[in-house]
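Reading through the structure tokens given below for one structure.
Nothing in this text is a laboratory measurement; each read-out follows from the coordinates by a stated rule. Predicted model, so just to flag it, every value in this text is computed and none were measured. Don't worry about glycine lacking a Cβ; one is built from the backbone with ideal geometry, like all the others, and counts go over all protein chains shown.
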Amino acid sequence: MSTFLTRAYFFLIGLFLAMPIIVVAGVSVNEKQSLTFPPQGFSISWYGQIFMDEEWRDALIASLTLAILSAALAVLIALPLAWFLWRRIAPWANIFQLLGVAPFTLPPVITALGLLTFWATTGFYGQPWTAVISHAIFFVTLPLVTLSLGFTSIDRSLVEAAATMGADDGKVFRTVVLPLIRPYLVSGYAFAFVLSLNEYIVAYMTVGFTVQTLPIKIFNALRYGYTPTMASVTILFVLIAATVFGLVARFGDLPKLLGAMPANDK
Amino acid sequence: MRREPPQRLADYGPLAFPAVMLVVFFVIPFGTMIAVSFFKRQQGGFYTPDFVFDNYARFISLFFGKVLGFSLMLAITVAICCVVLGIPFTYLLTRMGRKAQVLWLVALLSVLSLSEVIIGFAWSTLFSRTAGITNLLVILGLMQEAMPLSPSFGAVLTGMVYQALPYTILILYPALVRLDPTLTEAARTLGASPVKAFFTVVVPALRNTVIATLIMVFIFALGSYLLPQILGRPQHWTLSVLITDQAVYQSNMPFAAAMAVFLVLVTLGMVGLTVLVGRKGEAA
């Protein structure tokens, strides 16, 4: 395709993806509490509101806590599983791989409803920690996929050399395997973290009535009309996501993480 | 250290924690949900253990048929729009330099990770009367006065395509990166124009990928639960919205669970179809 047409096409897709964000960025700096674009006046006070207003600040803290903990738990579940599947020949254990991928593949409302009935039946409904477990299960797919990819990229002769020189499983893991898969570990955590931060339905169905995460807070605020803080929080989230994925790309191999193998690696 | 079958019981040790977590917090909740779908509903939001098909019997109604039909139609439309927009884009993306590719991938991931709440809010702003795109058209002299564009079917569709397009591109990306570039080169040498080479060589070579992607995006779109609420009217509500509504606002857990089980069956049927298509592709 000619360069001009290609450029035009990329520009249009880019515009489509960026347009809502540009408009929200515009309304977030309105001076008055009104939904107008182009913005009238300029003020960044709505960004201050995220940290000054008690409700928004609490929601931000709740979201960050949830994302930090649940992503960590997701990695803790995924790491031993991915290691086992790489180290051992146990075809039946693949069922756990399937279970790890299922919550992410099914429509999210299903996982959310399953967890809601479960927490309600066991009597823990509404406890903040149930959201951590729920998110960890919901997002375990991400570290599981990146770690499985990481393990397949390990040169087995390195591991064999270590074993021949007398290192046991634990020592091989600490000294050879862990350093090699660290980029995949970090990116798996990063993916789970960002998605947990943005997740609505699972959080809403498990702890929606006791804890307000930011997405829940935005949705509740949206039903009562417009406040400019929604716009500034949106832009904050876009920045967080772009920064995290930018860092993953800076320190890791993003095309490879997303499944692209080098062209000569067929 | 080669891969070997576990020899001692201790070799299974690392599996214990993941297995327990996945069984207790995914398999059991899933089972609980299936069980609840057969329970009897009591007044006031409670339900008692039972084995009745009442909740499933409620499916046989005009209202439910309409919602199901609309959900499937919407998801199929979204899937087709995304694949049609996504294939040329992804194809061209894989032909770009590495730096540009990484930049686009970061942007796509950032949009993909955005909460449905945020996407809904952003598009409702863009479709609003006071801050929306119609203002731009007024400035350009293409319209008389600004008007709201949502709630409407077009708004729901646009929002959902926005949400699903990055997902589509990221599914297509690995398949297109691995596509043999000599295929198109051969077509070009034989005199085909770039556009013709794309449609006669690239698209047929990707037939199975395209079908699998359509199905995956279809499932993804089926899961959208907030955009139809924020950008649409009640007649634009999908099965996912209805499930949430029954579970949370109507406190009818058994009926919500029955609908969720039904949605799982539809999804699993679709996944089965994907696997079948994949098998056929390998055999061919």
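Quick notes on this one:
- There is no residue in region A:162-179 that is away from chain B (no Cβ under 11 Å) and in contact (Cβ under 8 Å) with a residue 24 or more places away in the chain.
- Odd one out for A:Phe42, checked against (1) exposed (fewer than 15 other Cβ atoms within 10 Å of the Cβ); (2) in a loop (DSSP other than H, G, I, E, B); (3) within 11 Å of another protein chain (Cβ to nearest Cβ); (4) of a type in the set (A, V, I, L, M, F, W, C): (3)
- Top-ranked residue in region A:189-224 [being outside any helix (DSSP H, G or I) and buried (at least 24 other Cβ atoms within 10 Å of the Cβ); ranked as nearest to the chain's Cα centre (by Cα)]: A:Glu199
- Annotation: A:Thr117 fulfils all but one of (1) crowded, with 24+ Cβ neighbours inside 10 Å; (2) touching a residue at least 24 places away in the same chain (Cβ under 8 Å); (3) facing chain B (nearest Cβ under 7 Å); the unmet one is (2).
- On the stretch given as region B:130-170, residues that are more than 22 Å from B:Gly223 (Cβ to Cβ) and in contact with a Gly (Cβ under 8 Å, 6 or more places away or on another chain) total 4.
- Where helices (runs of 4 or more DSSP H) fall entirely within region A:68-178, those with at least 2 residues that are of a type in the set (Gly, Ala, Ser) and in contact with a Leu (Cβ under 6 Å, 6 or more places away or on another chain) are at A:128-139.
- When A:Pro91 is tested against the conditions (1) at the interface with chain B (Cβ under 7 Å from one of its Cβ atoms); (2) over 24 Å from the mean Cα position of the chain (by Cα); (3) under 30 Å from B:Pro5 (Cβ atoms), the lone failure is (1).
- In region B:157-215, the qualifying residues are those that are of a type in the set (D, E, K, R) and more than 13 Å from every other protein chain (Cβ to nearest Cβ), and the one that is nearest to B:Leu273 (Cα to Cα) is B:Arg207.
- Any helices (runs of 4 or more DSSP H) falling wholly within region B:181-284 and containing at least 1 residues that are crowded, with 23+ Cβ neighbours inside 10 Å and within 20 Å of the chain's Cα centre (by Cα): B:207-222, B:227-231, B:239-244, B:253-283
- Matching residues, region B:10-59, being part of a helix (DSSP H, G or I), of a type in the set (Gly, Ala, Ser) and closer than 17 Å to A:Tyr125 by Cβ: B:Ala35
- Residues of region B:120-156 classified as in a helix (DSSP H, G or I), of a type in the set (A, V, I, L, M), within 29 Å of the chain's Cα centre (by Cα) and more than 7 Å from chain A (Cβ to nearest Cβ), total: 3
- The set of residues in region B:60-117 that are away from every other protein chain (no Cβ under 14 Å) and either outside any helix (DSSP H, G or I) or in contact with an Asp or Glu (Cβ under 7 Å, 6 or more places away or on another chain) (or both) comprises B:Ile60, B:Ser61.
- Some residue of region B:49-56 being away from every other protein chain (no Cβ under 12 Å) and among the β-branched types (Val, Ile, Thr): yes
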